[in-house]
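> Below you will find the structure I want to go over with you.
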Amino acid sequence: MNTEISTKKLLEALLHSYIETHDLAQIYNGDGTLLTTLDQATKFIDGLKGETSPKFYKVPCSWEVYGTTVVEAESWEEAISKSEDAPLPSDGSYIEGSFRIDEELVEYEKEKELKS
């Protein structure tokens, strides 16, 4: 038997049960207004879930990769010159310990968030 139930349906069932056995005159929204219906109670709970949901951040970072590129050339100097304009190698390996957070950009994003 599948007993999975959505969070919203579970909250609705719990609220409905509570409404049947308790006096709603004692339940208040965060703004001080009274909850009087199951729909209002559900919206209130949904609002609380929204306030406690984790936020997602795009953290600016960089890392180094080591790879080789193959170019046709007559000398090392020409090979180096051509490799600077060649596509990036597709067979790279992460350089251990090279991961870095761009702290300046993080501070900029924090300030931007505070202003909004």
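> Of all the residues that make up the range 77-107, how many are part of a loop (DSSP other than H, G, I, E, B) and exposed (fewer than 10 other Cβ atoms within 10 Å of the Cβ)?
Here the count works out to 6.
> How many residues are in contact (Cβ under 8 Å) with a residue 12 or more places away in the chain and surrounded by 10 or more Cβ atoms within 10 Å (Cβ to Cβ) if we restrict to the range 60-76?
Qualifying residue count for the region: 9.
> A further question follows. For the range 61-92, give me each residue that is among the hydroxyl-bearing types (Ser, Thr, Tyr) and touching a Gly at 6+ places or on another chain (Cβ under 7 Å).
Listed by number, the list holds a single entry, Tyr66.
No lab work stands behind these numbers, since they all come straight from the coordinates. Bear in mind the structure is a predicted one, so any value in this text is a computation, not a measurement. Positions of Cβ are backbone-derived with ideal geometry, glycine not excepted, and every protein chain shown enters the neighbour counts.
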